[in-house]
Amino acid sequence: MRRLPIFFVLDVSESMAGDPHAQLQRAMESIVAQLRQDPSALETVYISVIAFAGKVGTVVPMVDLMSFYAPRLPLGGGTALGEALDELMTRIEIDVKKTSASQRGDWEPVVYLLTDGRPTDRYEAAVRRWRQHFSSRAHLIAVTLGQSADTQVLKQLTDDVVSLDDGSGEELSRFARWVTASVSAQSQALDAGKSAPGISLAKAGDVGISLVKEGDPAPVDDQVVVFTGRCHRNRKPYLLKYSAVTLPGGLGSAASQGIYGLEGGYPLEEEYFEWSSQSSTNASVNSDQLEGVPPCPHCGAMTSFALCQCGKLMCCNGPGKQTCPWCQTPVAFGKGGGNSGFNVGRGQG
Ligand SMILES: [Zn+2]
Ligand SMILES: [Zn+2]
């Protein structure tokens, strides 16, 4: 039996924190549950999952549909697209059997690359290598989520760039239905002995997924800003996510700084730092640009936006002394204040 390898290369950068991350998790579970209903898919489909944020990892090495379980997806800072492509190419070399005189190889692998941002690493060499050595033996479909995805870079990789964006909040469940239908159709065609038709994008429009064309609007910058803090009680990390209410204006004056509204505060695991790139950006946002401060996602302290001299954020439950969970220095918090805005380093998204 010739196998049909499906690679999912999933962006788990911090701009995905909250709903999109949970929905992506559910989408993967749904794709597998649905495909298992299909006898052809059960016989042919093999799945591998690569996750990328600032760091990259294969979270599920290629496995048959029955043995596959949807992994708990990590979250990290950064969007290392170049590294993700390198990992993908390595996995294709290792996992996909080539046809030779002695064996029939696998069917052409299909890659779903899903991203909501722009690369934060050097991706050019990896894109070149993909085009030269892999684009003719694998079908890569780039899928964008939200308006900040860099379609220009993706267009260099493949002609098949689609956008999930319709503002409905149902983007990822539609992604799941579309992937399930496409992969199912492909495996049935291969099972029936037809010549490999390839994954068709013709029907994508039917489920509200649009093909990104040349000349479509350029991606929007700086839609999301995120901050990491630590709980002063249990020292666990959390993430605060804000999205643009008004974007920085084109006048270039200080008054044209954007305003960001709170989306939510989310607990993190230490694993977050393992998936984040070390290089931090110099960009910073003034606290005056932020609207809304959530309580600590871990201990419920009334603010998760207290600043230590070390420049890091922690939670705080009012005036008094506490120890910074980052640098272990005692910090005294006074009453009120907060009128003078301070600058905090922002994540890379
Ligand atoms: Zn706390
Ligand atoms: Zn500190």
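The values are calculated or read from the model by the stated rules, or taken from the named source; none is laboratory data. Just so it is clear, the structure is predicted and the values come from calculations on it, not from any experiment. Positions of Cβ are generated from backbone atoms using ideal geometry, with glycine treated the same way; all protein chains shown enter the neighbour counts. The protein model used for the area step is the full one, side chains on, heavy atoms only, and it has no ligands, DNA or RNA in it. Shrake-Rupley method; radii C 1.70, N 1.55, O 1.52, S 1.80 Å.
For this structure, a couple of remarks:
- Residues (assigned to a strand (DSSP E or B), in contact with a helix residue (DSSP H, G or I) (Cβ under 8 Å, 6 or more places away or on another chain) and not aliphatic (A, V, I, L, M)) located in segment 128-163: THR144, SER163
- Those residues of segment 37-56 which are open to solvent by 10 Å² or more (accessible area, probe 1.4 Å), assigned to a strand (DSSP E or B) and more than 10 Å from GLY76 (Cβ to Cβ), in sequence order: TYR46
- Scanning segment 308-320 for residues that are open to solvent by 50 Å² or more (accessible area, probe 1.4 Å) and either hydrophobic (A, V, I, L, M, F, W, C) or under 12 Å from ARG230 (Cα atoms) (or both) yields CYS310, LYS312.
- Checklist (1) open to solvent by 70 Å² or more (accessible area, probe 1.4 Å); (2) modelled with pLDDT under 80; (3) away from ligand 2 (no atom under 16 Å from the Cβ) applied to ASN343, failing item: (3)
- Some residue of segment 111-125 being in a helix (DSSP H, G or I) and closer than 29 Å to GLU14 by Cβ: yes
- ALA176 being assigned by TED's automatic domain parsing to the domain that holds GLU93, touching a Ser or Thr at 6+ places or on another chain (Cβ under 9 Å), under 16 Å from VAL45 (Cβ atoms) and buried (at least 16 other Cβ atoms within 10 Å of the Cβ): yes
- So ALA176, is it under 16 Å from the mean Cα position of the chain (by Cα), of a type in the set (Gly, Ala, Ser) and not in a loop (DSSP other than H, G, I, E, B): yes
- Residue ID - nearest to ligand 2 (Cβ to nearest atom), chosen from residues in segment 286-299 that are surrounded by fewer than 18 Cβ atoms within 10 Å (Cβ to Cβ) and over 19 Å from GLU270 (Cα atoms): SER287
Results for (1) touching a helix residue (DSSP H, G or I) at 6+ places or on another chain (Cβ under 8 Å); (2) more than 16 Å from ligand 1 (Cβ to nearest atom); (3) assigned to a loop (DSSP other than H, G, I, E, B), shown as yes or no for each residue.
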| residue | (1), (2), (3) |
| --- | --- |
| GLN278 | no, yes, yes |
| VAL285 | no, yes, no |
| PRO295 | no, no, yes |
| CYS299 | no, no, yes |
| SER304 | no, no, no |
| GLY311 | no, yes, yes |
| PRO325 | no, no, yes |
| VAL331 | no, no, no |
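- Among the residues examined, SER30 qualifies as assigned by TED's automatic domain parsing to the domain that holds ILE141 and touching a helix residue (DSSP H, G or I) at 6+ places or on another chain (Cβ under 8 Å).
- Failed criterion for VAL63 (all others in (1) under 19 Å from the mean Cα position of the chain (by Cα); (2) not hydroxyl-bearing (Ser, Thr, Tyr); (3) not in a loop (DSSP other than H, G, I, E, B) hold): (1)
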